[in-house]
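Notes follow the structure.
The values are calculated or read from the model by the stated rules, or taken from the named source; none is laboratory data. Predicted model only: the values in this text are computed from it and were never measured. Neighbour counts run over all protein chains shown; Cβ positions are idealised from the backbone, glycine included. Areas reflect the complete protein model, heavy atoms only, side chains present, ligands, DNA and RNA absent. Shrake-Rupley method; radii C 1.70, N 1.55, O 1.52, S 1.80 Å.
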Amino acid sequence: MGLKIPSSLGTELRRLLELLDGDVERRYASLGLDYRARFTPIVRSLEIVGPASIKSIAHHSGLSHSAVSQTVAQMEKYGLLMLKPGSDSRERIAQPTEKLMEMLPLLHIQWAATYRAAAKLDTELSASLLQIVGEAIAALEHQPFAERIATEIYVPTSAANAYK
């Protein structure tokens, strides 16, 4: 077939997410649910805190404000959330629709099965995937990847000046 490009960390992580999320989403579809895996942290946050602002959901889910805002907009298009004005003109409050509330029993069953399947996957690995990912996130929060790259790079002055 020819030359194969060596994998990078980013490529392998995207491939892993595609394998995991793709199968999870196929399971949702097999249950008759029009639902995406990326909606789960939003739904779980709303289950805990009730109707909430994008900022509050971001805080509780651990996702960025931008990621939550984009996902909430998508969920609104799916008819899973309603957005209402908050206490100031910029704030929007997300709350589940009846459609989402009706999905919750099946979602809970799917989430429990997903958790059990992930635990079994961990038995095939040298370490817990969730633990390793958590450790990587903590390390990157301590020292961002950009800083790590900066300490590893050497750009000759002539190359750096070529793009000015």
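Worth a mention:
- Packing, as the average of other Cβ atoms within 10 Å across residues, places the peptides 69-81, 106-118 in the order 69-81, 106-118, highest first.
- The stretch between LEU16 and VAL155 holds 46.8 nm of extra length on full extension. This uses 0.36 nm per residue minus the Cα-Cα distance.
- Structural size metrics of region 78-164, computed from C-alpha coordinates, are Rg and Dmax of 22.9, 63 Å.
- Computed over all pairs of different Cα atoms, the Kirkwood value for the hydrodynamic radius of the chain is 19.0 Å.
- Considering only THR97, ILE57, GLY134, and ranking their Cα positions along the charge dipole of the chain that arises from unit charges at the beta-carbon of Lys, Arg, Asp and Glu, the one farthest toward the positive end is THR97.
- Using Cβ point charges alone (K and R +1, D and E -1), the dipole size of region 1-96 about the Cα centre works out to roughly 120 debye.
- For the chain, the relative contact order works out to 14 percent when only alpha carbon pairs closer than 8 Å and six or more residues apart are counted.
- Percent carbon-and-sulfur accessible area, region 1-127, ignoring ligands, DNA and RNA, probe 1.4 Å: 58
- Over the chain: helical MRE at 222 nm, DSSP H runs n ≥ 4 each giving -39500 (n - 2.57), nearest 500: -20500 deg cm²/dmol
- Size of electric dipole in region 26-146: Cβ of Lys, Arg +1 and of Asp, Glu -1, about Cα centre, debye, nearest 20: 280
- Set LYS77/LYS99; LYS99/LYS120; LYS55/LYS99 screened for pairs whose C-alpha atoms are more than 22 Å apart: LYS99/LYS120; LYS55/LYS99
- Length-normalised contact order for region 1-84 - Cα pairs under 8 Å, 6+ apart - percent: 19
- Ranked by the mean number of other Cβ atoms within 10 Å of their residues, highest first, the peptides 52-60, 8-16 fall in the order 52-60, 8-16.
- On the beta carbon distance between ASP122 and ARG148, with R0 = 25 Å, the FRET formula returns roughly 0.40.
- Between helix 98-122 and the chain: long-axis angle, C-alpha atoms, 0 to 90°, nearest 10: 40
- Sequence-distant residues sharing a close amide H with ILE93 (under 5 Å, placed H): LYS84, GLY86
- If a spin label sat at a point 7 angstrom from the Cα of LYS84 along the line to its beta carbon, the backbone N atoms of region 40-71 nearer than 11 Å would be those of 51-52.
- Helix 40-49 and the longest principal axis of the Cα set of the chain meet at an angle near 50°.
- Degrees, to the nearest 10: 129-142 long Cα axis against longest axis of the chain: 60
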